[in-house]
Every structure is written in structure tokens, then in C-alpha cells.
Amino acid sequence: MENQDINEESINNQEDTTIQNEAATEENVTVKPTAEELLAEEKDRYIRLYAEFENYKKRTSKEKMEFFQYANQDMMISMLGVLDDFERAIKEIAKNGNATDLQGVELIYNKFKNKLTEKGLKAMEVRAGDSFNVDFHEAITQIPAPSEDLKGKIVDVIETGYTLGEKVIRFAKVVTGN
């Protein structure tokens, strides 16, 4: 009888083991994706990668254009002093010089200014009576307004302001009325 008990026990153990193995096999069975699903997944991955690359190309192209546009900013700023000197020389020669000297200096001045304009330099249009704007003007001093309508407005322009592209590289120096 002991033998029979041992056999029954081993049969029960074998049945338990078989049931456990079947359950484990069912859990470990993974559903293999079909070829269509794999293709769709790879296509989605490709489209995302392509879009990311296109965005990268656009971003680097924009950064490159901005770099070239503002790369000569330091040189332009240093040339503004020469441009100012030309303007002062033209005023002085006009006062007490002869006409041929004035024409020669104006010719060189215009050529120099045109070359700077070709590179994106623009003079700001500022006149007496315009509203003061801190984004474009730098107030050197305030004086009592000569008339009531000039209070808080520009009375005189001391130095011309310039922009390079859309960026202000030198603020217009102005006198405001209070």
C-alpha cells in the first residue's frame, strides 16, 4: 500500500507540474506582430525621422542666414564713426569751403554710405517732434520744452541711429522736452 500511495503521490505531482507548465507556456506565448504591423511601425518611424531631419535642415539654414546677416555687425558699428566724420566734414566744407571740395567729399561719402546700405545698414528716421521711444532712442538730456506740444517728445537729434536688418545697432541720441 505504501507503494501505491507513493505512486499516487508522484502521479499527482506530475499532474501539478504539467498544469503549471501549461500555464507557464500560455503566459510566455507572445503574439507575433504581422508583417503589415511591422511595416506600419517602420513607416511611422521613417516619417518621424524624416520630419525631424527636415526641421533640423530648416533650423540650421535659418541660423546660418542670421549668422551671415549679423556677422559683420561689429565692423558696421566701427564704420559708423567714419560715417559720422564724413557728415561733419560735409557740414564744415559747406560752410566755408569751395564747391569742388564739397562735391569730392560728398561723392566719397555717398559711395561709402551706399556700400553700407547694401550690407543691410539703415539710418533711423528721427525728427524733432517725434514721440520718444526707448526701443530706438537714447535721451542724452532733457530741456524745458520750447512749446507745449513738444513736452515728452524729441526736441533735437544729436546723433543718427542705425539698424542692421531689424536689429538696432546704435540708438539715436536725442534731446527731449519736459
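Just so it is clear, none of the values below were taken in a lab; they were calculated from the coordinates. Nothing here was measured: the structure is a model prediction, and the numbers come from that model. FYI the Cβ positions are ideal-geometry reconstructions off the backbone, even for glycines, and counts take in every protein chain you see.
Of the listed peptides 36-44, 169-177, 74-82, what is their order by residue-averaged count of other C-beta atoms within 10 Å, with the highest listed first? Numbers along the way, then the final one.
Values: 36-44: 10.4, 169-177: 19.4, 74-82: 13.2.
Descending mean neighbour count gives 169-177, 74-82, 36-44.
How far is it, in nm, from the label point at residue 160 to the one at residue 136 when both lie 7 Å from their Cα along the line to the Cβ?
Computed distance between label sites residue 160 and residue 136 equals 1.5 nm.
What list of ³J(HN,Hα) values in whole Hz, one per residue of the range 160-176 in order, does the Karplus curve 6.51 cos²θ - 1.76 cosθ + 1.60 (θ = phi - 60°) give from phi, with Gly and Pro shown as x?
So the Karplus estimates, Gly and Pro as x, are 5, x, 9, 10, 10, x, 9, 9, 6, 9, 8, 6, 6, 8, 9, 10, 10 Hz.
Among the trypsin sites (Lys or Arg not before Pro) in the range 61-139, which ones are in a DSSP loop with at most 15 other Cβ atoms within 10 Å of the Cβ? Mind listing them? Could the numbers behind the result be given before it?
On the way: sites: 62, 64, 88, 91, 95, 111, 113, 115, 119, 122, 127; in loops: 119, 127.
Passing both the DSSP loop test and the Cβ count: 119, 127.
About the Cα centre, and with charges only on the beta carbon of Lys, Arg (+1) and Asp, Glu (-1), how big is the dipole of the range 63-104? Nearest 20 debye, please.
Working: 4 positive and 8 negative charges, 37 e Å.
Around 180 debye, computed over the range 63-104.
Taking amide hydrogens as modeled 1.01 Å from N in the peptide plane, which residues meet the under 5 Å criterion relative to residue 124, leaving out close sequence neighbours?
For residue 124, whose amide H was placed from the backbone, the distant partners under 5 Å are 161, 162, 163.
Suppose every Lys and Arg Cβ carries +1 and every Asp and Glu Cβ carries -1, with no other charges. What dipole size does the range 121-178 come out with about its Cα centre, to the nearest 20 debye?
On the way: 7 positive and 9 negative charges, 29 e Å.
With Lys and Arg at +1 and Asp and Glu at -1, about 140 debye.
Residue separation times 0.36 nm, minus the C-alpha to C-alpha distance between residue 149 and residue 90: what's the value? Let's see the in-between values first.
On the way: separation 59, 0.36 × 59 = 21.24 nm, distance 3.23 nm.
That pair, residue 149 and residue 90, stretches by 18.0 nm at full extension.
For residue 125 and residue 57, calculate 0.36 nm times their separation in residues minus their Cα-Cα distance, and state this gained length in nm to one decimal.
On the way: separation 68, 0.36 × 68 = 24.48 nm, distance 3.72 nm.
Net length gain for the segment: 20.8 nm.
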